[in-house]
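> Before I ask anything, here is the structure I am working with.
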Amino acid sequence: MAIATPPPAYESEEEAMILDMVRTLVAERVAPRAAEIDEKGEFPWDIKQLFAENDLLGVPFPAEYGGVGGSFVTYVKVVEEVAKACASSALIIAVQELGTLPIMIGGNDEQKRRFIPKLASGEHIAAYALTEAGSGSDAAGSMKTRAVRDGDSYVLNGNKIWITQGGVADVVTVFAVTDATKGPNGIGAFVVEKGTPGFSVGKLEKKMGIRGSPTVELNFVDCRVPAANMLGPEGDGFKIAMKVLDKSRPGIAAQAIGIAQGALDYATQYAKERIAFGKPIAQQQGLQFMLADMRTEIESARLLLYEAARKCDAGAPDTTEYAAMAKLKCGDVAMSVTTDAVQILGGFGYSVEYPVERMMRDAKITQIYEGTQQIQRVVIARKMVGKWSPPKA
Ligand SMILES: Cc1cc2nc3c(=O)[nH]c(=O)nc-3n(C[C@H](O)[C@H](O)[C@H](O)COP(=O)(O)OP(=O)(O)OC[C@H]3O[C@@H](n4cnc5c(N)ncnc54)[C@H](O)[C@@H]3O)c2cc1C
């Protein structure tokens, strides 16, 4: 079925070149694989390779570290284009950014030169390991993984869960408590390389959506990591983790808006072709109102997303709340639009033979990871009203 998305507005010639290339790759190579990737539930190595060969895994990273040196605006548009066809494939690009950002943000020059070129080229895969069984939304308060200094190393013990690409990653940034008396200021960030003794991959999760994205448990048993792999000063890990989310949440918002646009494109075309009561269902005003609302929601969420990405590019002081607002809005729009797309296809929308049920399943995760929708509201409101502490007696 023909895709009806209007071409996006480009902000530079470089962006136009990248996005034109992405649209071609998506149409020819990604879209035809999307249903199979979902059905098999396996990491699509061919798609990762395709992205690596076309420099799509290093878009927002500086050229001096082997990246493309593109803007965050271009980066989110790339994720969005891929997500229109395949949310799992789009996540490869988004998680490469998520997993590389701790090094970009917290690393020294030597660490950046050591790790980033192979991540930007796609030779290596990155992951970001913050969440634990007992610590998701309350990431700092309940973290149990420990890192204890021993000579020139830190010894890590603990478990992380829900780690996207953790099992296929070459480089994982792991957040671990270095001083339990200091709360969020007693957490370190450590780059753990694949094959490090004591580091192993546990259970592979079976999931509702993004089934081509492997999500795993990671275990650390007396895992000795060189102190030279710690990012920033010892207690800065949690600050790094949060700064990363400011720049990675727009990527998830882009995944969400791409899923929504893909579902709307499909539902619109379907509604023009499906006949009921002697005319295309698209000519029923009840469905026209649904389509109009879906488009309006997507367009308004996308404007917020691009503004959040511009804030990332500018290093604006309100980047945190814009990133949270973009993820909140785009995630909710993705969920509502994909649900309506299933409705527009009627019984066929419920069948795996049509892509909208996959899009609806894939949309749900955008309301959960990188901070749930409730946590985005906490972040936004805290920026508005501040954090209150009871007056000292
Ligand atoms: C497929 C998948 C991939 C993931 N990938 C990664 C990854 O690569 N790296 C990583 O580190 N983590 C990853 N995660 C973890 C993800 O970020 C967490 O699941 C998420 O932050 C929520 O944490 P939780 O699951 O422990 O839920 P909880 O924190 O237990 O929350 C449960 C419910 O309570 C609500 N809640 C909690 N606190 C508050 C509050 N203060 N106010 C209002 N409501 C609240 C939540 O919104 C939620 O609805 C992934 C998760 C999934 C499912």
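The values are calculated or read from the model by the stated rules, or taken from the named source; none is laboratory data. Since this is a predicted model, take the numbers as computed values, not measurements. Reconstructed Cβ throughout: ideal geometry from the backbone, glycine too, with neighbour counts over all protein chains shown.
> Can you name the number of the only condition in (1) in a helix (DSSP H, G or I); (2) surrounded by fewer than 24 Cβ atoms within 10 Å (Cβ to Cβ) that Gly70 fails?
Among (1) in a helix (DSSP H, G or I); (2) surrounded by fewer than 24 Cβ atoms within 10 Å (Cβ to Cβ), Gly70 violates only (1).
> Would you check if there is a residue in the range 369-389 being hydroxyl-bearing (Ser, Thr, Tyr) and modelled with pLDDT of 95 or more?
yes
> When you look at Ser121, is it farther than 16 Å from Phe190 by Cβ and either surrounded by 24 or more Cβ atoms within 10 Å (Cβ to Cβ) or touching a helix residue (DSSP H, G or I) at 6+ places or on another chain (Cβ under 9 Å) (or both), yes or no?
So Ser121 passes the test.
> How many of the residues in the range 202-229 are of a type in the set (A, V, I, L, M, F, W, C), surrounded by fewer than 21 Cβ atoms within 10 Å (Cβ to Cβ) and under 18 Å from the mean Cα position of the chain (by Cα)?
1
> Can you say whether Ala120 is touching a residue at least 40 places away in the same chain (Cβ under 8 Å), out of contact with any strand residue (DSSP E or B) (no Cβ under 8 Å at 6 or more places or on another chain) and within 21 Å of Ile240 (Cα to Cα), as far as the supplied structure shows?
So Ala120 passes the test.
> A follow-up question, please. Look at the range 343-360 and say how many of its residues are touching a helix residue (DSSP H, G or I) at 6+ places or on another chain (Cβ under 9 Å) and surrounded by fewer than 20 Cβ atoms within 10 Å (Cβ to Cβ).
The qualifying residues number 7.
> What's the number of the only condition in (1) modelled with pLDDT of 95 or more; (2) within 16 Å of the ligand (Cβ to nearest atom); (3) out of contact with any Gly (no Cβ under 6 Å at 6 or more places or on another chain); (4) not in a helix (DSSP H, G or I) that Gly141 fails to meet?
For Gly141, the exception is condition (1).
> Go through (1) assigned to a strand (DSSP E or B); (2) within 16 Å of the ligand (Cβ to nearest atom); (3) out of contact with any Asp or Glu (no Cβ under 9 Å at 6 or more places or on another chain) and name the single condition Gly237 misses.
(1)
> Considering the range 365-393 alone, what residues qualify as being within 9 Å of the ligand (Cβ to nearest atom) and basic (Lys, Arg)?
The one that is within 9 Å of the ligand (Cβ to nearest atom) and basic (Lys, Arg): Arg377.
> I need the full set of residues from the range 162-202 which are without any contact (Cβ under 8 Å) to a residue 24 or more places away in the chain and within 13 Å of the ligand (Cβ to nearest atom), in order please.
none
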